[in-house]
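To keep things clear, I will list the structure first and then write my remarks on it.
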Amino acid sequence: MTEKITAVKGMNDILPQDAYLWEWLEARVRDLMQSFAYQNLRTPIVEPSALFVRGLGEVTDIVEKEMYSFEDRLNGEQLTLRPEATAGVVRAVVQHNLLYDGPKRLYYTGPMFRHERPQRGRYRQFHQMGAEALGFAGPQLDAELILMAHGLWQSLGLQGVTLELNSLGQPQERQQHRQALVAYFELHQAGLDEDSVRRLRTNPLRILDTKNPQMQDLVNAAPRLIDFLGADSMAHFEAVQAVLSANGVAYRLNPRLVRGMDYYNLTVFEFVTDQLGSQGTICGGGRYDYLIEQLGGKPAPAVGWAFGVERVLELIKSQGLGAHPQAPDVYAVVPEMAQLPLAMKTLGALRAQGLNVQMHSPGGQSSSGPTPATTPVGQSSEPAWMQLGSMKSQIKKADASLAPFALIFGAEEVLAGQVTLKALRDGVGEQRKMPLGDVATWAKALQCELRPTGG
Ligand code: AMP
């Protein structure tokens, strides 16, 4: 047998037994976004590398180590598979001058790529759904976005999700804090690990993010950014908190919350859980008032978040929440080839009325090699695909599909201008003869019977 080709490490197929849950979640999030008047934006997966180098910051983990970058083999352009979506959204907003008639609320969904070490909850291709509000300066948008995400966890019924909140202030406040921080860590250099010594020169703020238990005391006693915030930054931060408190959204102030990209200022936040092992951040975001200008646009403030679809779905599954796979409404039983054209026409009429219909068809193998010139004695001369299976075996398949109804195209009934609708669950065994001349009417009635609320 030829050797199999498998997927790239850290990149997963989402199989049908899981994909229905993805579609379900995506639909829920789409409804949520629309209920807050956010509009969909779709940007390319591949962007110029410079977008991320300039947008996320040269000394971030993502840009330093995790980007899938390559050279266009024709023109030598440096390209990157997007590691996150905010930079691409901002590029598109600037390129198409989307803010010309006022601020915009946007959302997106799609795969992102980071060359990280794969583990539970951390993949090299993963998926995010995110929201960005561009052109708004006020704290009400920070609060709106946090309320949106919080509302999503609530509507999904998720337990054990905590909101962590911090303010990174404005660049000049950060600058002052950074100087104090560098002075502090230089004084205590003996207590720093190798990584942190390097970061002291490149990105001292990231030292605060260390997971090294031996450095926790040192980091806890370091100068806190919040103490360097001016009156405006504090007022902004307090206004966000006031809305959250008034809406009953619990949060924990985490002065060490810094996030992985350089573009943030003022509010930053993460939704975390302790139920997913080490990869417990399900959603992160914040304000990025300088990114639009940094990427060549007219200065405009913005704020946004993204959640990791894989992590949220893992939480949904582990808490026994979510939808069930959908069975078809009707399984069509077609015992003979002669009835097939009429059956397929009828099923089209059923689908036109909103019914989900699965037609019986036998499986098979692709034929390898030439067809034998003579049929071995004792075997049917019909090709396998003509042998549709007995009525009994087809009804068994209908039952296994979990469809509430089988629609039977038996030769005699079709001759009489009818088909049989057989109940497989409620009122099991009950049979109704349906006229082939007026499919739309009874199909519509059946659709109402199955979905009385129109859902
Ligand atoms: P970030 O863009 O790093 O703020 O990430 C936003 C969210 O995306 C995180 O909170 C995670 O839920 C998810 N995420 C980030 N990186 C990965 C990854 N490598 N694998 C799976 N999910 C991820």
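The values are calculated or read from the model by the stated rules, or taken from the named source; none is laboratory data. What you see is a predicted model; the values in this text were computed from it and never measured. A quick note on method: Cβ atoms are made from the backbone with ideal geometry, for glycine too, and the neighbour counts reach across all protein chains shown. Just so you know, the surface numbers come from the protein's heavy atoms only, side chains and all, with ligands and any DNA or RNA stripped out. Shrake-Rupley method; radii C 1.70, N 1.55, O 1.52, S 1.80 Å.
Below, the figures for the structure above:
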read-out: Magnitude of the charge dipole, segment 1-94, Cβ model with Lys/Arg +1 and Asp/Glu -1, debye to 20; value: 200 debye
read-out: Sequence of Arg124, Arg252 when ordered by accessible area, the most exposed leading, probe 1.4 angstrom; value: Arg252, Arg124
read-out: Antiparallel %, DSSP beta bridges [both residues in segment 128-275], to 5; value: 75 percent
read-out: Heavy-atom accessible area order for Ser401, Ser278, Ser167, Ser390, largest first, 1.4 Å probe; value: Ser278, Ser390, Ser401, Ser167
read-out: Qualifying lysines (Cα of each under 24 Å from Cα of Lys211; at least 8 residues distant if same chain); value: Lys65
read-out: Whole-number Å³ per residue for the convex hull built on Cα positions in segment 377-438; value: 122 Å³
read-out: Size of charge dipole - the chain - debye, nearest 20, with Cβ of Lys, Arg +1 and Asp, Glu -1, no other charges; value: 560 debye
read-out: Computed accessible area, Lys444, all protein chains, 1.4 angstrom probe, square angstrom; value: 120 Å²
read-out: 0 to 90° range, to nearest 10: angle between helix 86-95 axis and the chain longest Cα axis; value: 90 degrees
read-out: For His188, solvent-accessible area (1.4 Å; no DNA, RNA or ligand), Å²; value: 70 Å²
read-out: Set Lys422/Lys444; Lys317/Lys422; Lys317/Lys397 screened for pairs whose C-alpha atoms are more than 26 Å apart; value: Lys317/Lys422; Lys317/Lys397
read-out: Hydrodynamic radius (Kirkwood) for the chain, which is based on Cα pairs only, to one decimal in Å; value: 26.4 Å
read-out: Solvent exposure, largest accessible area first (probe 1.4 Å, DNA, RNA and ligands not counted), of Thr6, Thr346; value: Thr6, Thr346
read-out: Accessible surface of Leu205 - all protein chains present, 1.4 Å probe, nearest 10 Å²; value: 40 Å²
read-out: Hull shadow area, averaged, segment 6-79 [alpha-carbon convex hull, nm²]; value: 8.0 nm²
read-out: Fraction of antiparallel bridges per DSSP, segment 295-439 only, in percent to nearest 5; value: 55 percent
read-out: Antiparallel bridge percentage (DSSP; both residues within the chain; nearest 5); value: 80 percent
read-out: Helical mean residue ellipticity (222 nm; -39500 (n - 2.57) per DSSP H run of 4+; nearest 500) of the chain; value: -10500 deg cm²/dmol
read-out: Inter-part distance where segment 1-54 and segment 307-336 are each reduced to a Cα centre, Å; value: 17 Å
